[in-house]
Each structure stands twice: as C-alpha cells, then as structure tokens.
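Below is one structure, written out as structure tokens; comments come after it.
The values are calculated or read from the model by the stated rules, or taken from the named source; none is laboratory data. Everything numeric here is computed off the predicted structure, so don't read it as measured data. All Cβ positions, glycine included, derive from the backbone under ideal geometry; neighbour counts span all protein chains shown. SASA here: full protein model, heavy atoms, side chains in, ligands and nucleic acids out. Shrake-Rupley method; radii C 1.70, N 1.55, O 1.52, S 1.80 Å.
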Amino acid sequence: MLGNFSFGDYFKEDAIPMAWEFFTETLGLDPERLWVTVHHSDEEAAEIWHTGVGVPKERIQYLDEDNWWRMADTGPNGPCSEIFWDKGPEYGPDGGPENPEADERFVEIWNLVFMQFDQQPDGTQVPLPKPSIDTGAGLERVLSVLQGVDAVWGTDEFVRLVDGVASIAGVTDRDPKSTVSLQILADHARSTTFLVNDGVFPSNEERGYVLRRIVRRAVRHAYILGVESQVMARLVDLVVEIMGPAYEELVENREFIRDVLDREEESFRRTLESGSAILDKHLGELQGGQPLAGDVAFQLHDTYGFPLELTQEITAERDVEVDVAGFEAAMAEQRTRAKEDYAKKSASAADMSVFQELVAEHGPTEFVGRDTDDATGTVLLVTDDSIVLDRTPFYAESGGQIGDIGTIETATGTAHVVDTVYAAAGQHRHLLSRVDGHIEVGQEATARIDAPRRNAIRRNHTGTHLVHAALRRVLGDHVKQQGSWVGPDRLRFDFSHYEPLTSDQIAQIEDLVNTDVLSNHQVDHTEMSMADAQERGAIAFFGDKYGDVVRVLDAGPNSVELCGGTHVSALGDIGLVKIVSEGSIGSNLRRIEAVSGDSTVGLLRGEEAKLSEAAELVGVPVDGLLDGIQKRLNELAELEDEVKKLRSAAAAGRSGELASEAVDGVVVARVDGVGRDDLKEMAQALKNEGLRAVVLGAALDGGGVSLVSVVADTGAFNAAELIADAAKAVRGGGGKGADFAMAGGKDAEALDDALGMVREAAGIA
C-alpha cells in the first residue's frame, strides 16, 4: 500500500489535483478511462474534481457508506473520494463504479480520505480544527493497470514468482485448480519471507500467529500440488533471487529465513497428513448438504493445529460448510473448563475488594527501595496474611523480578515478610509468615528488606539485560525477550530463536557479557517520557503495554532497554556471569539460565569438588584426570573384548550340547542367564551345526523376554512365522526376516508356553 498524509497542512483543494496529476502526467494514464467517486454529501470535493481538475460530471459518481471513512463509533472521520480505472467493455457492462454488475470492469486504484470531523458519543459531528488527508493506493493494482494486465498475477514480478513456483512444484499443466495453488504459494512465499526478515517468528500469538497461518496455508497448497518434499526454503531462495536486488537485507538474511520457515514447515507437515486423513474420513461420511460437525473442526484445531479458517477452506473446495456454531460452542466449553480450573486454584485467595477500596482511598504505595534498604511508613491495612504500607522499600514481584523479603517492625510487633506482590494497581502487599506481637492500622512502621538477597537479585537482573544484548549480537536482532525470572540464586531468560545454541555460541555470549562486566561502566536507570526513550533507542517489545512515563536502563554501551526493576550501580558489581543451561521451551522459544556473583563462585567450587572426587575415584591427580579416564576406558574395552570371546566360546560349547537335543533337525530351547547378543550368537552357532531351524528364548536379567529364530537358507521354515505367535504370548513383537528374526516381550512367565507354541508350529511338539 502506498500512502501519504497531511495533518493540518494541505487539504482537498490541493490533494485532489495532485492525485490527478500523478496518474495522468507522471504515470501517463488515459484521463478518459478514469472515473471518480465522492460521498453524496461532499459537493465540495465533486466541484474540485469537475472545475479544478476537469473531470466530466458524468464520470463523477456519488456513493453512500462506501465513501465515508471512520476510525470507530466516535473520533475522527470524514468522506472519501476514490479514483477508478476502466479496464474496458470486455470486462463487463458500462455504468461506472456505482454499477454493481460492473465491479470486474472498474477497479479502484486511489483513495483520498478527508478527515474533517470528530464524531461525538451523541452522534453529532464537530469540525476538526485542522482537517487532514490520508492517501492510499494499491501499488500492485496500479502496476497491473500500467502493464495492461487483468490482475496482479500478470505483473512482471508475479509472473516470475508464479513461474518459479511452478518449476519448484513440478507443475507443467496449469489447470484452474493448480493455478490458484501456484498463485497462493507465490504470494505466501513473498509474505513469509518478508515477515521473517522483519523479525517475526511463527507462534500462537499476534504477528507470529498470522505468519504461522500463512505458512500452513502455503504448505497445504504445496501438498495439494503433490509436492512431497519440503518447499518453503526453496521458495525463500526464489523470492530472494527476484527481490534481493531491491531489498539487500533479504540476501544477508537468506539462510536465517530459510531455517525458520523450513523448521515450521517440517513441524506442520507432520500434522498435516494425519489431520487431513481425519478430515477426509469425516467428509467422506457426510450426506449431501450436511455440514462438518463443529466438534470435528474443534478437534482438528485443538489436536492438530488446524485453524478454523484452514478447515473451512478445505471443506469449501468440496462445497461443504462447517458448523461454526458447534465449533464455537466447543471452544466456549474449553474456556469454561479453563476458567473453572483457574477459579479452583484461586478459591483460597483473599477478597481483593478490600485492597481495591484501599487504593481508591490512599492511592498506590510509594516505592522508595531503589535508593534505600529500609524506610518508615504508616500501616494502612492488616489482614490474616499480609500488610499494606503507604510507603515501602520492598519491591513487588513484576517484570520477572521476584518480590523482596524482610521485616516490618512497629512499637508492638515484628512481621516477617516472605514475599511482596501487587494487590491492586500500584499497591504493594507484603505477605507474612508470622507476626511476633501484634501490628495495628495507623502505626508507624520500619520496613527493612533482606539487603544481601536484594543485592544478589540486582546482580542477576542487570546481568539478564547483558545476556539479552549478547544474544542479539551473537544470534541476530530477531532475538526478542519472551519472558524472564530473576531471583537471588540465578537468572532465567526466555527468547525467540529457531535452533539450539552451539557450545561456541554460548561461549561467545559469556565472553561478551563478562567483557561488559569487566568494563565496569556506570549503570543509569532513569525515568523519562516514552518519546524520549524511543529517541534513545531503548528496546521495547511488540505487544507490551507501556505508559507515557517509563524507566530506561543503560547497562553499559550495548544495552538500552525499558525496565522497572532494581539494578546495580556499575556493571562490575555483577561479578562473573556463567551460563549453566540452554534449551527449548516451545516452538521457536529457547531458555537460558545463568548465575552471577557469589553464585558463580559457588558453582565453580562445586565443579572443582566434583573433579577432585572423580580424580580420587580414578586414582590420579586432578590435572591428570582426562588421561586417567582414558586409561580406564581402554582397560574396560579390553575386558569387554575378553568377555565377548569367553561368551562366544561358551556359546559354541553350549551349542554342541543343545544340538544333541535336536528333533528332526530342529532345536527349540530356553536358555536363561544370557543377553540378547549372546542368544543371537548361540543360535547362529547352532545353525552352523547343520540344523534346519533353531529357536531360543531367554528371560533377561533386566526384565522382559528375548526370542531368536534362525532357519536354514533352503528349507520349509520361515524364521519370523515360527515365533510370531510366541511373541504375542509374551506380550511383545519383533522382526519379519525369513531367515533370521528376533522378538522381544514383557511377560517372562509366559516364555515356556510361548516356546511350546513354537514346537507346535515346527511340528516337533
């Protein structure tokens, strides 16, 4: 969409001639094929089009609601004026844009919104003091007009895209159905490539959900075209090849975009086949005109990740409707269950109305804990398990940082605070483990936090910001915070990324963080307007809600973020930061856990103790531990080889004994006290004695059963068939080989009966 705005500068008398000049002179469109619409109340615009520009009155048409723009039921609004292109009589009847039968012939290519009124709640319109212009034009529609093609699919870039998609999909004959799928793939290849390039990840929320739906729709149409291999990465290559010269960042981010979309496609393809099979089954059972049941659509949504829109698209291709009311009822039932579960969990919570009344009377708690560890305040409320003060140094849990603990002391008692949370808007609620003595409303109190604990939290919180900055420097700007937890013993940081971090990447992140720590830069934590924060380049996150006044944390030269928590005064206060784990917590979501300060020292001491203990067990000094372990591993390998040889010899020896028990060239025997590999070797050795068939069974030391079946290369027996019933008898199953088969089972007590079945199958019972 192309557009430009005027806020209180030029208005109708300038915007209308500029639009006409752009189309007729700059782009060279034939003015005789341009039509104009205005709102039926906007004679001013109609007059400018006719007398100011020269559009004949018969090509100016008056429309109603279609030509009135409004943002909402109240607020700025005003009339619109549109420019239409006449594609010609071959596309439909005459009559201009107002003719509903001619919508294929007349295509809108320009829209001027005249924002000149402010609608009040009572419906009255108040003229805006500075009327404004909002211009919109569809770039691809304009291109199709300039190139004289029927639709956007005929424009140069889309022709290249669609042809490229057809080549990738192996489509040579373009019937109407395959053409639609090719066009959808071309459009979605472009949109998904640009979305990921802009830092959007597939997810179940907001922009990520839109991207996920587009990817899934693209994959489904590739599926319709018979493309069995993954296609999204190749589509990215096609888009970059065509559009990379104009958008250099696509070239730079090609591999990243390919990886994100390839992983999303891989995930969805696993569910598409099974989900489509279920949908096909239910569609096949429908009678003529019968809709797809809402609970089936809900199952596809809830279990297989099919959005309702995708199910509707598939069913529409077969002229089947979806029982949307039934789907919504199933969704509502699920929400009700979730609310009931939440209500059960919250049933024991204190009645919040008392806190809401308190904050209405006294306002939010004054938090003074950024600069001091203790403060005096007045007790406003005492409940069975909590206290509220008018001012406090206790930080209430928010933004990932846990609440403070400590004491609240008055002349008559001491309360022991085990957590601090928000009760109502801005109101700190101090949760108590016990009160020594008693505390009353109106008393003056001294509130004192656990300062060493808070200092540890400060270190971890500022460290979290350094970790975030380092992640973005190592992995890319697509990394966005998705959650965090900051306590005294560790920090946890959740972020968007599409693959596990390598050991080298983790080391780079640690190095960058600790370089910042050692720089000992001053940490500035200041309050400012949101506009100033944005000008400073502070990172804010899509979907988060911020007020007009925010706190900005400058944690050294590489990290500027919005944050309301508590922090160190200089980066050197954090101490050494060590990452202790990294892993997946969901689709395209990763989690890092790390320690800082005293916790890092404790971690290193613990690791040293483990190394010393390991060295002592191996019988070497710590600096010789690796050589000592390698020596023991070599000795173990030699012992295992020796045991293997002994077992082979024992198996060979026992084979002769079992061979003597053969009946008509067949041995079926139970051999306990051996493992699966030993059983296999023993059976092979017996076969080499010239037997027709050998079946051995063993109850394994670790539990369960193993069966081995070996038959002569030429003979009447099939190895798998000999033990098929026996495997079922021991509650198991196994291989299908004709000459050799192994099976496993769970029921050792049924082994003897199972071997009896084998004897019957072999005809030697």
Which condition number in (1) surrounded by 14 or more Cβ atoms within 10 Å (Cβ to Cβ); (2) in a loop (DSSP other than H, G, I, E, B) is the one that Val142 fails?
-> (2)
Index of the failed condition, Asp319 passing every other in (1) open to solvent by less than 70 Å² (accessible area, probe 1.4 Å); (2) at positive phi = (1)
Taking Phe114, is it more than 30 Å from Ile257 (Cα to Cα) and open to solvent by less than 30 Å² (accessible area, probe 1.4 Å)?
-> yes
Of all residues in the stretch 379-405 being farther than 15 Å from Arg453 by Cβ and among the hydroxyl-bearing types (Ser, Thr, Tyr), the one that is surrounded by the fewest Cβ atoms within 10 Å (Cβ to Cβ) | Ser398
The stretch 389-430: number of residues that are touching a residue at least 60 places away in the same chain (Cβ under 8 Å), assigned to a loop (DSSP other than H, G, I, E, B) and touching a His at 6+ places or on another chain (Cβ under 9 Å) = 4
When you scan the stretch 563-581, how many residues do you find that are out of contact with any helix residue (DSSP H, G or I) (no Cβ under 6 Å at 6 or more places or on another chain) and either hydrophobic (A, V, I, L, M, F, W, C) or free of Cβ contacts under 8 Å to residues at least 40 places away in the same chain (or both)?
-> 4
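The rows are residues; the columns are (1) open to solvent by 40 Å² or more (accessible area, probe 1.4 Å); (2) in contact (Cβ under 8 Å) with a residue 24 or more places away in the chain.
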| site | (1), (2) |
| --- | --- |
| Gly583 | no, yes |
| Asn588 | no, yes |
| Leu603 | yes, yes |
| Glu607 | yes, no |
Selection over the stretch 271-287 where residues are assigned to a helix (DSSP H, G or I) and modelled with pLDDT of 80 or more yields a count of 7
Extreme residue, farthest from the chain's Cα centre (by Cα), among residues of the stretch 138-156 that are of a type in the set (Asp, Glu) and closer than 14 Å to Glu108 by Cα = Asp150
Does Leu604 satisfy being assigned to a helix (DSSP H, G or I) and over 26 Å from the mean Cα position of the chain (by Cα)?
-> yes
Limited to the stretch 277-311, what total is found for residues that are without any contact (Cβ under 8 Å) to a residue 24 or more places away in the chain and either open to solvent by less than 80 Å² (accessible area, probe 1.4 Å) or within 10 Å of Phe327 (Cβ to Cβ) (or both)?
-> 7
Yes or no: Ala246 modelled with pLDDT of 85 or more, surrounded by fewer than 21 Cβ atoms within 10 Å (Cβ to Cβ) and either in a loop (DSSP other than H, G, I, E, B) or not aromatic (Phe, Trp, Tyr) (or both)?
-> yes
Out of all the residues in the stretch 21-54, which are farther than 19 Å from Val113 by Cα and of a type outside the set (D, E, K, R)?
-> Thr24, Thr26, Leu27, Gly28, Leu29, Pro31, Thr51, Gly54
Just checking, which of Leu182, Leu195 is under 19 Å from the mean Cα position of the chain (by Cα), assigned to a helix (DSSP H, G or I), under 24 Å from Leu139 (Cβ atoms) and not small (Gly, Ala, Ser)?
-> Leu195
Test Ala470 against the stated conditions and say whether it is closer than 28 Å to Asp262 by Cβ, surrounded by 14 or more Cβ atoms within 10 Å (Cβ to Cβ) and of a type in the set (Gly, Ala, Ser).
-> yes
Residue satisfying all of: in the stretch 56-90; in a loop (DSSP other than H, G, I, E, B) and farther than 14 Å from Glu108 by Cβ; modelled with the lowest pLDDT among these = Met71
Unmet criterion (only one of (1) within 20 Å of Lys644 (Cα to Cα); (2) crowded, with 20+ Cβ neighbours inside 10 Å; (3) in contact with a helix residue (DSSP H, G or I) (Cβ under 7 Å, 6 or more places away or on another chain)) for Ala683 | (3)
Evaluate the stretch 516-534: report whether one residue or more is of a type outside the set (Val, Ile, Thr) and under 18 Å from Val479 (Cα atoms).
-> no
